[in-house]
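One structure is given here, and the rest of the page talks about it.
The values are calculated or read from the model by the stated rules, or taken from the named source; none is laboratory data. Since this is a predicted model, take the numbers as computed values, not measurements. Here Cβ is always computed from backbone atoms with ideal geometry, including for glycine, and neighbour counts include all displayed protein chains.
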């Protein structure tokens, strides 16, 4: 890479790294969309487990061990998310922008001030 | 934006957009780390639900309605992930790179060819 | 049933009802342990969703719609749990009694008064 | 208990045992409906983790370690389910019978032979 190369976007860089990682280990056969969705859900639960008996999970409730665990689980969720998006042909960044626009319609700022009820409860 | 501005990285751009979105709706009080971890886990399950009765979730098993649902749920997971990382002070990209390095040690490519058992089963 | 027949235990009765329900619909091929474990996890998340933005989920925080939803989701979790235990040959009642005994050793009452940290954090 | 006492139903017996277990450890303050719903979801994910890289989770795919883990996780899910039902005033057996009746209406046996699509997809 020459000095004039722009830095690669993080989501694309992670997609490329996970492709290489799985390929080097011949894990592609295991990485079906169904299995990746399960693995993602398992990692999300492991992340949540750090918070389950806490009041809100604010910084002062977390010790060093918890903070490290949370950082690793956040990473695991992201890595499976990137792989599942890759396997299903979804551009994660574009999908997130699309969803933010949809959410802005569902939850107009003027209407939902301080109220987090699901939109179908209005 | 002038031609000399570099494009913002997608994960940072989404962090800024979710901050603004929550702020405009005064949702910050709801967005404790504990609540965001729950919301992330709920969205991961909704994503998984699309695959639960399928064989592998390969493209030919998915109709247009399923593909749209999957794209939206992938986005929801990413958006809560970005917010939870923000609330816990974690740089998602750096954390993912750190985790890839740890995983490379746990699962040496030469040892785990085609075998996806958890590392603690070796 | 004659008046002298003892009432059947609820977990066994539900096992028999779910067997009949799946059989009448020829759903046995879908009800692999893997798929049932996914379905159980999805239902557990739908149950959790009712509580995600609440303070504690105490009775006064729940309206009639929420209470009905919670009752149905509790039932869905139980029904998939019974089916997964059936498919894996596990006697749920015996397994629960075994686990209570194990938990009593892990968390001795005298040591853990009012402290819900996981046993491996002691 | 005299010899003429009928055996207690398993779900009620487990409810009583979990009440006593939590009370002896003064865990009632932690056992809010919200926290129990999170714990239930975490255990459901730990159960699912045993199956995530398997083909179907059939008996021949499971070794002794996996079978023991599955039995323990099934028990954990049941124990949190019983406690959450207790805290929300739900009779689990009655709720399950009600849900089976609802499901029989949603998925008429004659219509859904061998098809596990969700009812809202018909």
Item to check | Hits in segment B:82-102 (condition: closer than 22 Å to residue D:52 by Cα and crowded, with 16+ Cβ neighbours inside 10 Å) | outcome: B:96, B:99, B:100
Checklist entry - Which of the residues belonging to segment B:39-61 are in a helix (DSSP H, G or I), facing chain C (nearest Cβ under 7 Å) and within 12 Å of residue A:33 (Cα to Cα)? => result B:48, B:49
Next on the checklist: Quick check on residue D:70: is it within 7 Å of chain C (Cβ to nearest Cβ), closer than 15 Å to residue C:76 by Cα and within 17 Å of the chain's Cα centre (by Cα)?
Outcome noted: no
Item to check | Hits in segment A:46-77 - residues which are buried (at least 16 other Cβ atoms within 10 Å of the Cβ) and farther than 25 Å from residue D:40 by Cβ | outcome: A:71, A:75
Checklist entry - When segment D:81-122 is examined, which residues are found to be modelled with pLDDT of 95 or more and assigned to a loop (DSSP other than H, G, I, E, B)? => result D:88, D:89, D:90, D:91
Item to check | Filter result (more than 7 Å from every other protein chain (Cβ to nearest Cβ) and touching a helix residue (DSSP H, G or I) at 6+ places or on another chain (Cβ under 7 Å)) within segment D:85-102 | outcome: D:86, D:87
Next on the checklist: Can you find a residue that is part of a helix (DSSP H, G or I), free of Cβ contacts under 8 Å to residues at least 24 places away in the same chain and either under 13 Å from the mean Cα position of the chain (by Cα) or within 30 Å of residue D:34 (Cβ to Cβ) (or both) anywhere in segment C:19-31?
Outcome noted: no
